[in-house]
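The values are calculated or read from the model by the stated rules, or taken from the named source; none is laboratory data. As the structure is a prediction and not an experimental result, all values here were calculated from the model. Cβ coordinates were reconstructed from backbone atoms using ideal geometry, including for glycine residues, and neighbour counts include every protein chain displayed. The accessibility values were calculated without ligands, DNA or RNA, using every heavy atom of the protein model including side chains. Shrake-Rupley method; radii C 1.70, N 1.55, O 1.52, S 1.80 Å.
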Amino acid sequence: MRKVQVVPYQKDWPDAFYRERENIQQILGEQCIRVSHIGSTAIPEMAAKPVIDILVEVVDINETDQYNDLFAKLGYIACGENGIPGRRFFMKGVDDRTHHIHTFQTGDPHIFRHLAFRVYLIHHAEDASRYMKQKQVLAQLYPYNINQYIKGKDGFIKELEKKALAWYKNRNR
């Protein structure tokens, strides 16, 4: 059974991302536009589940499926859209996951949403701290129920996303 653990920030998370980014770029070649570190492990000093979330922007999302076998050789399981239309999701490990890859076609609004959320939390320490504390509390309340953990964060994440999107749009004008 997968245990929900929120651990202190690990200084090796960025390096783990960069190593995986190289592998992803090699697999996808010209199909790959950009590979970004997202999620809590991308926020300096943020406690997080020790899973590196990676956002991959590709030319054509439908072409991504042809690379499933190559991702499998790196230990990834292809999960298709996994609940988000237009996404291709890969996970490395099952109960002891180490990486998630969220792949979207260029122009998909989920790309902007993920990047805005990350940059917002990096620049807004108070909101980042509130988010981190909520994750820690939820992990203690639901150590073996990932669905309740995710559900418990949902409202707060949506609130932060609204702030992040507005801030990010204004910042980049």
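Okay, here's what the table says:
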{"item": "Those residues of region 154-170 which are more than 10 Å from residue 116 (Cα to Cα) and at pLDDT below 95, in sequence order", "result": "170"}
{"item": "Sole exception among (1) within 25 Å of residue 161 (Cβ to Cβ); (2) surrounded by fewer than 17 Cβ atoms within 10 Å (Cβ to Cβ); (3) over 16 Å from the mean Cα position of the chain (by Cα) for residue 73, by number", "result": "(1)"}
{"item": "Failed item in (1) outside any loop (DSSP other than H, G, I, E, B); (2) in contact (Cβ under 8 Å) with a residue 40 or more places away in the chain; (3) open to solvent by 40 Å² or more (accessible area, probe 1.4 Å), with residue 144 passing the rest", "result": "(1)"}
{"item": "Checklist (1) open to solvent by 70 Å² or more (accessible area, probe 1.4 Å); (2) farther than 27 Å from residue 128 by Cβ; (3) in a loop (DSSP other than H, G, I, E, B); (4) not hydrophobic (A, V, I, L, M, F, W, C) applied to residue 22, failing item", "result": "(3)"}
{"item": "From the options 118, 113, 97, residue that is of a type in the set (D, E, K, R), in contact (Cβ under 8 Å) with a residue 40 or more places away in the chain, within 25 Å of residue 19 (Cβ to Cβ) and assigned to a helix (DSSP H, G or I)", "result": "118"}
{"item": "Subset tally (residues that are in contact with an Asp or Glu (Cβ under 9 Å, 6 or more places away or on another chain) and of a type outside the set (A, V, I, L, M)) for region 108-126", "result": "5"}
{"item": "Pair list, Cβ < 8 Å and 6+ apart or interchain, from region 70-82 residues that are hydroxyl-bearing (Ser, Thr, Tyr) to residues that are open to solvent by less than 50 Å² (accessible area, probe 1.4 Å)", "result": "76/90; 76/91; 76/92; 76/99; 76/101"}
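This table checks each residue for (1) modelled with pLDDT of 95 or more; (2) in contact with a Gly (Cβ under 6 Å, 6 or more places away or on another chain); (3) over 18 Å from residue 117 (Cα atoms).
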residue	(1), (2), (3)
2	no, no, yes
6	yes, no, yes
12	yes, no, yes
15	yes, no, yes
22	yes, no, yes
41	yes, no, no
46	yes, no, no
56	yes, no, no
67	yes, no, yes
